[in-house]
Amino acid sequence: MAEFASRDVEPSIVQIEAIARTGLAFTTSGYERERYEEILRVVARLRTSVEGEQHSDEQVAFEALLAEVGEGVAGYVTPKAAVGAVVIDEARRMLLIQRADSGMWLYPTGWADVGYSPSEVVVKEVWEETGIRVRPVALLGLIDGMRRGFTRLPMYSSIFLCRPVGGVLRPHPLEVRDARWFARSELPPNVAQLMSLPWLARVFAEEDPCWRAYFDPPRDDRDPSRG
């Protein structure tokens, strides 16, 4: 059963779980509810096998899955929303953070917060993680995190190209070990690999990317860097 831990199979388990939980959220049929609960039991069995847990933990895993089921729209299982900020300064350097949890260097990222548009979350995340104020100038892409192998959770990430407009490097004391500007030739291997994607590689061009996907611009009262 160790093969179920592979990147190709694990997302299928997550997808089956989402279908069962969503079905339970909307069904009014007792018969259908029994079927969806049985599917969740199978998911619990697969999860405990993948994670190397004891067979006796299946009931615990099933009850945990069942406890996460909501009702109606509130129970509809969808991918989580996140944002990423590719910040390039006038010297064509890229702002990266060293994550406190993994030690990996990456562009600033974060979960979307209620009450903020995607571009506003970008401004907020970069400010909080690095102390740099930015202006989003283009939506570079909307990616599926599981498909790209960035996460084992269902997640869509909106990636924005940003320009710095002020501030001083000040890494977040809890979330970030370090924050630095990197020339393209200095990028850490994992980031250099990301930059090989055509739609990200263009961010180091002398001019802004020629495409302009629409995004809701930040509101001044949602910018924490303005005090």
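Taking the charge dipole of the stretch 47-117 about its Cα centre, with +1 at Lys and Arg Cβ atoms and -1 at Asp and Glu Cβ atoms, the residue from Phe62, Ala112, Ala91 reaching farthest to the positive side is Ala91. If R0 is 35 Å, the Cβ-Cβ spacing of Arg152 and Glu90 corresponds to a FRET efficiency of close to 0.40.
Give, rounded to the nearest 20 debye, the magnitude of the charge dipole that the chain has about its Cα centre when Lys and Arg contribute +1 at Cβ and Asp and Glu contribute -1 at Cβ.
The dipole magnitude comes to about 820 debye.
Here the label points at Ala213 and Ala183, each 7 Å from Cα along the C-beta direction, are separated by 3.1 nm in the simple model. Using the alpha-carbon centroid of each, what span in Å lies between the stretch 64-98 and the stretch 129-150? Between the Cα centre of the stretch 64-98 and that of the stretch 129-150, the gap is 9 Å. Among residues other than Leu24 with Cβ under 13 Å from its Cβ, the summed charge is -3 (Lys and Arg +1, Asp and Glu -1). Projecting label points 7 angstrom from Cα along Cα→Cβ for Met195 and Ile19 puts them 4.2 nm apart. Remark: the stretch 114-122, residue by residue, has Karplus-estimated 3J(HN,Hα) of 4, x, 10, 6, x, 5, 5, 5, 4 Hz, where x stands for each Gly or Pro and the curve is 6.51 cos²θ - 1.76 cosθ + 1.60 at θ = phi - 60°. Taking a sphere under 11 Å around the Cβ of Phe182 and counting the other residues whose Cβ falls inside, with K and R at +1 and D and E at -1, yields a net charge of +2.
For the stretch 80-226, the C-alpha radius of gyration sits at 0.96 times the compact-globule guess of 2.2 N^0.38 Å, with N the residue count. Helix-only arithmetic for the chain: the sum of -39500 (n - 2.57) across DSSP H runs with n ≥ 4, divided by the residue total, places the mean residue ellipticity at 222 nm at -10000 deg cm²/dmol. If you take the alpha carbon atoms of the stretch 18-147 and fit the smallest convex hull around them, that volume is 156 Å³ per residue. Counting 0.36 nm for each residue step from Tyr31 to Glu10 and taking away their Cα separation leaves a gain of 4.8 nm.
Every number in this text was worked out from the coordinates using simple rules, so none of it is lab data. As the structure is a prediction and not an experimental result, all values here were calculated from the model. Positions of Cβ are backbone-derived with ideal geometry, glycine not excepted, and every protein chain shown enters the neighbour counts.
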